[in-house]
Amino acid sequence: GYASQKVVDSVSRKVDLFLYDLKSMNDARHKKYTGVSNKLVLKNLQRLVKNGCDVAVSLPLIPGANDCEENVRRTGEFISSLQNVKYVSLLPYHKAGVAKYKNLGRHYKLEKVQPPSPREIDMLRERLEAFGLKVRTGGR
């Protein structure tokens, strides 16, 4: 979603379904974890649905970064205000990146982060479903 309006408009005419990540509704936290503002990401998602594009939104769940009640609530409010969102995928953090980074000789900043429990994932799914959203857990 972090692309110019021109690129979004050009691509939107050629795509049947957008797989769209939302990482944080809080701009400061989004900047902290991604290095960029979320304003363009949110604006582009609104633009896509306004133009009638079908979208599947994913929410990568990173414990301590974006899995808090406020972010889940604000995400649910935002997505439920949009048309053409087919479903939301909760993508729980996993440890697969640890070995990949180690093999590349790089430091993995999230090595100590633990994946959310099935119970935590279920609670987050239920919170989003309360907004009338169709929610999937895991892959798309």
Any chance you could count the Lys pairs in region 60-136 whose alpha carbons are under 24 Å apart, treating pairs 8 or more apart or on different chains as valid?
-> 6
With the label point 7 Å along the Cα-to-beta-carbon line of Asn26 and a cut-off under 11 Å to each amide N, the hits in region 55-93 are 64-72
Could you do me a favour and compute the accessible area per residue for the chain, 1.4 Å probe, result in Å²?
-> 60 Å²
What residues have an amide H closer than 5 Å to that of Leu90, excluding those fewer than 5 places away on the same chain, when H is modeled at 1.01 Å from N in the peptide plane?
-> Leu59, Arg136, Thr137, Gly138
For peptides 36-48, 108-120, sequence by mean Cβ density within 10 Å, most packed first = 36-48, 108-120
Relative contact order computed over region 34-111 (Cα-Cα under 8 Å; 6+ residues apart), in percent = 33 percent
Taking protein heavy atoms only, a 1.4 Å probe, and rounding to whole percent, the accessible area of region 22-140 owed to carbon and sulfur comes out at 51 percent
Rounded to 5, the percent of DSSP beta bridges in the chain classed as antiparallel | 0 percent
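Please compute one quarter of the surface area of the Cα convex hull for region 32-140 and express it in square nanometres. Let's see the in-between values first.
Numbers: hull surface 30.3 nm².
So the mean shadow area of the Cα hull is 7.6 nm².
The values are calculated or read from the model by the stated rules, or taken from the named source; none is laboratory data. Remember, predicted model here, so these are calculated numbers, not experimental data. Reconstructed Cβ throughout: ideal geometry from the backbone, glycine too, with neighbour counts over all protein chains shown. Quick note on the areas: whole protein, heavy atoms, side chains included, nothing else; ligands and nucleic acids left out. Shrake-Rupley method; radii C 1.70, N 1.55, O 1.52, S 1.80 Å.
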